[in-house]
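The values are calculated or read from the model by the stated rules, or taken from the named source; none is laboratory data. All of these numbers come straight from a predicted model, not from anything done at the bench. Cβ atoms come from the backbone with ideal geometry, glycine included; neighbour counts cover every protein chain shown.
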Amino acid sequence: MNQAIYLDYMATTPVDTVVLAEMLPILAEMRWCANSGSINHTMGREVLSLIETKRSEIADIIGANPEELIFTSGATEANNLALLGAANFYQRQGRHLITVATEHKAVLNVFAALEKQGFDVTYLPTKSDGLLDFAVLETAIRPDTILVSVMQVNNEIGVIQDIDALADYLAKRGIIFHVDAAQGYGPLGVNLRTTKVSLMSFSAHKIYGPKGIGALFIRNKPRLQLQPILFGGGQEFGLRPGTLATHQIVGMAKAFALSESRRLTDQKYFLALREQFLAGISNLQNWQINGSMQHRINANLNLCVAGVDGSDLINNLHPLMISAQSACSASLGGASHVLTALGLSDFQARSSVRISFGRMTTPEEVTKSVAIFCQAIQQIRNK
């Protein structure tokens, strides 16, 4: 059997060996087994101290204060807590919410739930390149608008939104601004001392950290309040109950530190891999890139291949592993909502695939991937 070539890094990344080495002692050594809530004994207090150290390390990297960072199970939970918590707490000030039609389902489905509670949601269109038109947002804002949510980097097409400009504009109007940064932190980073975002969601498994751990930034100057959506033992400042996963928090902190130190090197490498892939398929006929190339992270390609069903293509690419859309949306079936929002027909959206490169991708794998990709397309077209 041929060894798999994994080019689906925007779905998830493998745990970096440096991150794993940091986590293993926490899993294996008895001294770290205690519950951080067991502060009546030494082991519990030491675990709590370790967690707070890691919280401070992550907070320092993103330009936040430690008390502004809440650990969650990932960006999906962080999005839920941010949007449900803010909307319900501030609903007396207004019940109008704004988001973008190309957001991740972990955001769109929360807004759908809020609509059922009586909130009014405006779903902004994007331009054909996936970028938000600032004037469209300005027009959508009303006196009762309390919250806007825009993702930093789109999980399917890799397009980058200008969250700094959006944050400045919304802060001046006193509107809560939430950003899903699950796909954006790794390639772009963030400095929350200068970016006036109110709420920001993070995930470790998108940046070579463990699955099952993420965080929510909640700005405290000016102080932002959230209504809890889960109830239990009062952990995480009463906003996210449950025993904290020490090993995952340690892994997340290391993944963030590693991402920060490697960012420029990684992005230069990913760009070279992407250019190599594009050069390799340059003789292939009738394909186009979905989304802006100018405002796009280096590791992403989203290609519409005329006359080829994306699912058929993926099924004929073994051992190459890519995706037709986000992992969360793929199980639902249907055409990508992101691509149809860009103006693609259902058929064009179904003819599109996402390719994403990562730290462990080699130039040799890209060469093999190009050959597999082109051969599969020709075979399907010749049927």
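Of note:
- Qualifying residue in segment 249-260 (condition: buried (at least 23 other Cβ atoms within 10 Å of the Cβ) and of a type in the set (Lys, Arg)): yes
- The single residue among Gly94, Gly130, Gly118 that is outside the structural domain of Thr340 (by TED's automatic domain parsing), farther than 27 Å from Phe256 by Cα and within 17 Å of the chain's Cα centre (by Cα) turns out to be Gly130.
- Residue within segment 347-356 that is part of a loop (DSSP other than H, G, I, E, B), touching a Lys or Arg at 6+ places or on another chain (Cβ under 9 Å) and buried (at least 20 other Cβ atoms within 10 Å of the Cβ) present: no
- Some residue of segment 317-339 being touching a residue at least 24 places away in the same chain (Cβ under 8 Å), at positive phi and either out of contact with any Leu (no Cβ under 7 Å at 6 or more places or on another chain) or small (Gly, Ala, Ser) (or both): no
- Residue count for segment 127-162 under the criterion of being more than 12 Å from Arg95 (Cβ to Cβ) and part of a loop (DSSP other than H, G, I, E, B): the result is 18.
- Within segment 26-42, the set of residues being touching a helix residue (DSSP H, G or I) at 6+ places or on another chain (Cβ under 7 Å) and not in a loop (DSSP other than H, G, I, E, B) comprises Ile26, Leu27, Arg31, Trp32.
- Summed over segment 97-126, residues that are free of Cβ contacts under 8 Å to residues at least 40 places away in the same chain and either touching a Gly at 6+ places or on another chain (Cβ under 8 Å) or part of a loop (DSSP other than H, G, I, E, B) (or both) total 3.
- Test: Ser282 is within 30 Å of Arg262 (Cβ to Cβ), more than 21 Å from the chain's Cα centre (by Cα), outside any helix (DSSP H, G or I) and not β-branched (Val, Ile, Thr): yes
- Residue pairs whose Cβ atoms lie under 6 Å apart, sitting 6 or more positions apart in sequence or on different chains, and linking a residue in segment 211-236 that is under 23 Å from Gly189 (Cα atoms) to a partner that is of a type in the set (D, E, K, R), are Phe217/Glu68; Ile218/Glu68; Asn220/Glu68.
- Across segment 1-53, the qualifying residues are those that are of a type in the set (Gly, Ala, Ser) and within 30 Å of Lys368 (Cα to Cα), and the one among them that is surrounded by the fewest Cβ atoms within 10 Å (Cβ to Cβ) is Ala4.
- Pairs, first among the charged types (D, E, K, R) in segment 357-383, second part of a helix (DSSP H, G or I), C-beta under 8 Å, six or more apart: Arg359/Arg262; Arg359/Asp266; Arg359/Tyr269
- Subset of segment 1-20 (residues that are within 18 Å of Lys254 (Cβ to Cβ) and not in a loop (DSSP other than H, G, I, E, B)): Thr17, Val18, Val19, Leu20
- All conditions in (1) over 22 Å from Ile146 (Cβ atoms); (2) charged (D, E, K, R); (3) crowded, with 20+ Cβ neighbours inside 10 Å hold for Glu68, with the sole exception of (1).
- Looking only at segment 217-229, residues that are in contact with a helix residue (DSSP H, G or I) (Cβ under 8 Å, 6 or more places away or on another chain), surrounded by fewer than 18 Cβ atoms within 10 Å (Cβ to Cβ) and in a loop (DSSP other than H, G, I, E, B) come to 3 in all.
- Filter pass, Ser323 being touching a Lys or Arg at 6+ places or on another chain (Cβ under 6 Å) and farther than 18 Å from Ala101 by Cβ: yes
- Members of segment 269-295 that are closer than 15 Å to Leu342 by Cα and either touching a helix residue (DSSP H, G or I) at 6+ places or on another chain (Cβ under 7 Å) or among the small types (Gly, Ala, Ser) (or both): Asn290, Gly291, Ser292
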